[in-house]
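Here the structure comes first, spelled out in structure tokens, and everything after it is commentary.
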Amino acid sequence: MARPRTAGRRQAVLAAVSLMAAGYAGLSAALAFDRAAASAPETIARVPEPFRQQALASKSKALLLAGKPGPIAPLAQALVRRDPLGPQATGLLGTARLAQGDARGADVAFRTSAKLGWRDAATQVYWLQSALAAGDLNRAGTRFGAIARQWPEAPAIDQLSAQFEGNPRGQMLIAQQIASGANWARSYAQPQPGQSGDRLAGRATVLISSAGLGGRLGCDVITPMVVTLTSVQPELASRLWSSQCPRAAAPGQVNDASFEQTAAAGGKTAFEWQFPGHGALVADVVLTRSGQHVLRASSTAATLVPLAMQRIVLSPGAYRLTWREAASSPPGASRFAASLSCRPERILANPQGGKVDGGRGAVELDHAGGCAAPVLQLWLAPGAGEVSIDDIALTRR
């Protein structure tokens, strides 16, 4: 009977290889024959000799995916006889032996395959799992990097990376590879369907670390993960956004305080300005004669209407919001109001009217807690004419 560690490693390799068999089948130069052989094994006898090795491999993969490892070994041995120097052949033989519980025979086959140039995915996975079983994260990280580099879009990348994301050392190994310009980094940054909150958090931590090492992927690449993460861990999502997106403000600060980025980039995450819109409201970001961007607005409504909002990570406490305001009205009550609340609806937001003097507006706000990233919302009060706002800042009182 195999020892528990050996049995566990065998199951881990088989699970990864099964996924790779599906994910990498399309990489074959003989793709048409590959598909035909997988669905109709009798076609192996009819394909040209140059493609027959791939057909044998395809039948073996089909058996593996079907959970029938028994017949794989004879097919793999036939493949080795036809292509003794092919790493795929010996890698498949190693997989077959592993499936049969022959750990020693599998090890011999995978060692042979490795000597042929590390071009077989199953061989890479075997030695990755071996390194993890031995507690050698550095060696496992090298193998992961090689797999991801050779097959950057493969579905197995998500499965394999999970084994590193659960501890700080493993996270830093992946972060270092991303910072070094890994060609799979953009794929790694995309959230996967059904990914758990823990997996998202681990991956976000890796990407934050890589940004600290100089591996910034940019706002557009990181946006889908930030959007997905915001609903479950807004604080971490904010850190990820500010670390990876050059235009993002640091957590706790108003993002795009003068609306310079809004016109060009738009609000793709909750940490950027969003404009809910209202039938009585006309609002737009415009460039003034002095070269400054401002949010200009007018309203025909008889009550406050929502103008712009963004989520901002804040601890509970008392705050002061200030801004520059241009309007034709005299000093006194500002046309702008503001709120800090976990929900944006007016009845929950409880907007507070601001005061303006000398072109500067201000209002005092409180965040009672209840959420890590409350909505900072600007409102426009009834009044004639246009009014504009920019240079917005939020400070602790």
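The values are calculated or read from the model by the stated rules, or taken from the named source; none is laboratory data. Computed from a predicted model, the values in this text were never measured in an experiment. Don't worry about glycine lacking a Cβ; one is built from the backbone with ideal geometry, like all the others, and counts go over all protein chains shown.
A single entry from Gly170, Gly214, Gly141, Gly202 fulfils the requirement of being at pLDDT 90 or above, on the phi > 0 side of the Ramachandran plot and small (Gly, Ala, Ser): Gly214.
If you go through segment 326-383 and pick out every residue that is farther than 17 Å from Leu304 by Cα and of a type in the set (D, E, K, R), you end up with 4.
Would you mind stating whether Thr269 is among the polar types (S, T, N, Q), touching a Phe, Trp or Tyr at 6+ places or on another chain (Cβ under 8 Å) and within 23 Å of Gln377 (Cα to Cα)?
In short, yes.
The single condition among (1) assigned to a loop (DSSP other than H, G, I, E, B); (2) within 21 Å of Ala372 (Cβ to Cβ); (3) in contact with a strand residue (DSSP E or B) (Cβ under 8 Å, 6 or more places away or on another chain); (4) among the polar types (S, T, N, Q) that Ser258 does not meet is (2). Restricting attention to segment 62-70, does a residue exist that is at pLDDT 70 or above, exposed (fewer than 15 other Cβ atoms within 10 Å of the Cβ) and of a type outside the set (Gly, Ala, Ser)? Looking for residues that are at pLDDT 70 or above, exposed (fewer than 15 other Cβ atoms within 10 Å of the Cβ) and of a type outside the set (Gly, Ala, Ser), one finds none in segment 62-70, hence no.
Considering segment 215-240, and only residues there that are touching a Ser or Thr at 6+ places or on another chain (Cβ under 7 Å) and within 21 Å of Ala182 (Cβ to Cβ), the residue that is surrounded by the fewest Cβ atoms within 10 Å (Cβ to Cβ) turns out to be Thr223. Once segment 367-383 is narrowed to residues that are in contact (Cβ under 8 Å) with a residue 40 or more places away in the chain and surrounded by fewer than 13 Cβ atoms within 10 Å (Cβ to Cβ), the residue that is farthest from Ala250 (Cα to Cα) is Ala368.
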